[in-house]
Amino acid sequence: MSTAEQVPDILSPEFAADPYPAYAAMREKQPLIWHEATKSYIISRYDDVERVFKDKKSEFTTANYDWQLEPVHGKTILQLSGREHAVRRALVAPAFRGSDLQEKFLPVIERNSLALIDTFRRSGSADIVSDYATRFPVNVIADMLGLDKADHARFHGWYTAVIAFLGNLSGDPEVAAAGERTRREFAEYMIPIIRDRRDHQGDDLLSTLCAAEVDGVRMSDEDIKAFCSLLLAAGGETTDKAIASILANLLLHPEQLAAVREDRSLISAAFAETLRYTPPVHMIMRQSATEVEVSGGTIPQGATVTCLIGAANRDERRYGHPDRFDIFRDDLSTTSAFSAAADHLAFALGRHFCVGALLAKAEVEIGLNQLLDAMPDLRLADGYDPVEQGVFTRGPQSLPVRFTPAAD
């Protein structure tokens, strides 16, 4: 096992600017690193990260979320295990798949996307990040929950503070304080709405959560608040970056953009490849329940394990030409890309596979279809090269585009 000294440190400016060379060095020379600053063991190879996520031998837990998530969300479903986790997941999962997603929420997604596109489609220019991507998923979630979209700025501020807290690997006290303040503010906002919704049921997701019952178990006000907080942060930040990234990747590969424009069924392949090539979340932590042998050495019991999704998804042992964006690659299954059997690791795997994966897929597919319809000659602004930013989560911070203004 190595220390982090021989490759760029994950907290260094060099790493933040471009982590992919560091990922390659880790996979090749130092697949297991003890990282003193985060007090964690870093793993970077596909097989090792896949093993942690699938966890077939119960070697890992999500106990790390007790300090990583609970201070900002309260106790969430991600911290639970066994029957407690299964029951809570059964309470929330139906809303994110099947008939509820198709009948209730696809119209919500379509309506919110069109409303945002209408604000710039006649202008001939837009920044896809600030004008669309950062707003779209938060508006969808607020609409799904039956919350007032006029509070968008507050929602965005809250989830930005939460994501900053989760990615606060250097332990900045101001970032930590802002995250903990967000928990109090969000509780003050949500708990009265949850209590009112219990008495006045509607056709929204919040009402569904209030009424849901499995084996005699119902969610408490605190359970629902924590889930809504997690949904806003995870569903907002990740889908925001996924939309910006898929468009950036396609704009930088015009022949693939042309293929997608011609055959919209390729959007799901483009999204799957984006999740592999430039995933919104670059690292997820777990805790070892026992001593575990991985590539490069041994992880002791009770240790925090930092799983580098961004590195594992470009492992040359798993993918051919992993540093090439290719929506036509034959070693990434599109049919399973949004299920717990996915080939990529962007949604995690196993029992903690992202419950919102199909919602994200629907948002990206509907959003990209509508953007391409509204802007048939969409192109990057002259001379602009999309630059990714972020360490814990990562994506383009800006994506200025030009197009022929809509005539209607």
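The values are calculated or read from the model by the stated rules, or taken from the named source; none is laboratory data. Just so it is clear, the model here is predicted, and its values are computed rather than measured. For neighbour counting, all protein chains shown are included, and Cβ atoms are generated from backbone atoms with ideal geometry for every residue, glycine included. Keep in mind that these areas ignore ligands, DNA and RNA; they rest on the heavy atoms of the full protein, side chains included. Shrake-Rupley method; radii C 1.70, N 1.55, O 1.52, S 1.80 Å.
The figures follow:
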| quantity | calculated |
| --- | --- |
| Accessible area expressed per residue, the chain, with surrounding protein chains retained (probe 1.4 Å, Å²) | 40 |
| Low-density loop cleavage sites - trypsin sites (Lys or Arg not before Pro) in region 116-160, where at most 13 other Cβ are within 10 Å (DSSP) | Arg122 |
| Charge dipole (the chain, unit charges on Cβ, about Cα centre) - positive-most of Ala303, Tyr46, Ala234 | Ala303 |
| Cα gyration tensor, the chain - rounded (a/c under 1.5), prolate or oblate | oblate |
| Overall form of region 135-190 per C-alpha gyration tensor (a/c, 1.5; a/b vs b/c) | prolate |
| Estimated distance in nm for a label pair at Glu293 and Leu106, the labels positioned 7 Å out from Cα along Cα-to-Cβ | 5.0 |
| Radius, Kirkwood style, for region 240-291 when every pair of distinct Cα atoms is counted (Å) | 12.4 |
| 5 Å binning of all Cα-Cα separations within region 284-408, expressed as whole percents from 0 upward | 2, 8, 11, 16, 19, 17, 12, 7, 4, 3, 2, 1, 0 |
| Check: the chain dipole with +1 on Lys, Arg Cβ and -1 on Asp, Glu Cβ, in debye | 580 |
| Cα-projected label distance for Ser265 with Glu316, points at 7 Å along beta-carbon direction, nm | 3.5 |
| Kirkwood hydrodynamic radius over Cα pairs of region 362-408, then Stokes diffusion coefficient at 25 °C and 0.890 mPa s, in µm²/s | 196 |
| Rel. contact order, % - alpha carbon contacts under 8 angstrom, at least six apart, the chain | 26 |
| Net charge dipole size for region 260-343 [Lys, Arg +1 and Asp, Glu -1 on Cβ; Debye, nearest 20] | 200 |
| In region 1-72, GluC sites (Glu not before Pro) in a DSSP loop with at most 12 other beta-carbon atoms within 10 Å | Glu36 |
| Cα extents of region 110-241 along the three principal axes, largest first (Å) | 54, 40, 24 |
| Cα-derived Rg over Rh, computed across region 186-326 with Rh taken as Kirkwood radius | 1.11 |
| Among Gly297, Gly383, Gly350: highest mean-square fluctuation, GNM of the chain, C-alpha pairs under 10 Å | Gly383 |
| Protein accessible area in region 257-408, 1.4 Å probe - carbon and sulfur % | 50 |
| Net charge of neighbours whose Cβ lies under 11 Å from the Cβ of Thr238, counting Lys and Arg as +1 and Asp and Glu as -1 | -1 |
| Residue-count net charge about Asp18 - beta-carbon cut-off 13 Å; Lys, Arg +1, Asp, Glu -1 | -2 |
